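*Asks:* Sharing a structure, written as structure tokens. Questions coming.
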Amino acid sequence: METGLAGKRVLVTGASGGIGGACAREFASEGSRVLVHYHRGRERAEALSEELGGAPIVGGDLREEEPVDELFRRSVEELGGLDVCAAVAGKWPEEDVPLWELSLERWEETLRANLTITYLTARAFLREVKRTGHGSLVMIGSTAGLFGEAGHADYAAAKSAIVHGLLLSLKNEIVRIAPGGRVNVVCPGWTESPMTRTTLADPELVRRVTRTMPLGKLAQPEDVARQVVVLASDELSGHVTGQVVTVAGGMEGRVLNE
């Protein structure tokens, strides 16, 4: 099926990670011109750039305003503009900490690494949308933001803010500056990626989390990336905005698989 993404100019934040890298590859496979963003994974970003035929790469800590503004300046400079932003960058804190033991430092760090990053990225992209009058933004949430996640209330709160308040506000705001502008969210569940590699090395944990999934298996980064591409496409999703697509094998609260 034709996605209409050939030649589109796409920024993928967090592209040195598993889901971000998969997004960059999927957009490139559709003929899009992709800019690869990374924070600490420079070597992975350079390898991905080479794989994609020399895609431009830009580093930066997106928890701060200046690097975000510089990323978008460079993206417009390198690509000649932006049509799509896949706001993938974020961080899941691996350690399980109940709220009564959760430090203010970790709480604030997790919100900055997920909610603040997404806010700053969305703001910079919408400023570009205001200039051009068009654009599609796809943000990354999490099933933690839909169902909660014991031991990770900070992460669940950050992702819930993206999935609900931020998404539902932005899909109404973007049309003020771009009549066809769209904002959507993809919520991955448990996905094999560099961020979760250590945790998912535990077979007992994998058995436990897949018990709530009808499909009974973990997602791969490509499973998530393909939904990002579908939502980014004006051809496939031109009348879809303010929506959440969950990529989690049908995960819910009940135990389904023994």
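*Asks:* If you check Ala153 against the conditions, is it of a type in the set (A, V, I, L, M), surrounded by fewer than 24 Cβ atoms within 10 Å (Cβ to Cβ) and in contact with a helix residue (DSSP H, G or I) (Cβ under 6 Å, 6 or more places away or on another chain)?
*Replies:* Spelling it out, Ala153 is indeed of a type in the set (A, V, I, L, M), surrounded by fewer than 24 Cβ atoms within 10 Å (Cβ to Cβ) and in contact with a helix residue (DSSP H, G or I) (Cβ under 6 Å, 6 or more places away or on another chain).
*Asks:* Looking only at region 116-125, decide whether some residue is hydrophobic (A, V, I, L, M, F, W, C), under 27 Å from Arg208 (Cβ atoms) and either modelled with pLDDT under 95 or in contact with a helix residue (DSSP H, G or I) (Cβ under 8 Å, 6 or more places away or on another chain) (or both).
*Replies:* no
*Asks:* Quick check on region 177-192: of everything there that is open to solvent by 20 Å² or more (accessible area, probe 1.4 Å) and over 23 Å from Asp83 (Cα atoms), which residue is modelled with the lowest pLDDT?
*Replies:* Taking the candidates together, the pick is Glu192.
*Asks:* Here is a follow-up. Could you list, in sequence order, all residues of region 136-150 that are out of contact with any strand residue (DSSP E or B) (no Cβ under 9 Å at 6 or more places or on another chain) and surrounded by 23 or more Cβ atoms within 10 Å (Cβ to Cβ)?
*Replies:* Matches in region 136-150: none.
*Asks:* Condition first: at pLDDT 90 or above, more than 27 Å from Arg123 (Cβ to Cβ) and open to solvent by less than 40 Å² (accessible area, probe 1.4 Å). Now tell me which residues in region 193-231 satisfy that.
*Replies:* Selection gives Leu218, Ala219.
*Asks:* Run Gly133 past the list (1) under 20 Å from the mean Cα position of the chain (by Cα); (2) under 30 Å from Arg73 (Cβ atoms); (3) surrounded by fewer than 17 Cβ atoms within 10 Å (Cβ to Cβ); (4) in contact (Cβ under 8 Å) with a residue 12 or more places away in the chain and report the number of the one that doesn't hold.
*Replies:* (1)
*Asks:* Taking the stated definitions as given, is Gly7 open to solvent by 20 Å² or more (accessible area, probe 1.4 Å) and out of contact with any Cys (no Cβ under 7 Å at 6 or more places or on another chain)?
*Replies:* yes
*Asks:* Which fully enclosed helices (runs of 4 or more DSSP H) of region 141-258 have 1 or more residues being touching a residue at least 60 places away in the same chain (Cβ under 8 Å)?
*Replies:* Correct list: 144-147, 153-161, 167-173, 221-232, 234-237.
*Asks:* Could you please let me know if Glu128 is more than 16 Å from the chain's Cα centre (by Cα), surrounded by fewer than 16 Cβ atoms within 10 Å (Cβ to Cβ) and in a helix (DSSP H, G or I)?
*Replies:* Judged against the criteria, Glu128 is not a match.
The values are calculated or read from the model by the stated rules, or taken from the named source; none is laboratory data. Remember, it's a predicted structure, so these values are computed and weren't measured experimentally. Using ideal geometry, Cβ is built from the backbone for each residue, glycine included, and neighbour counts are taken over all protein chains shown. Note: areas computed on protein heavy atoms with side chains; ligands, DNA, RNA excluded. Shrake-Rupley method; radii C 1.70, N 1.55, O 1.52, S 1.80 Å.
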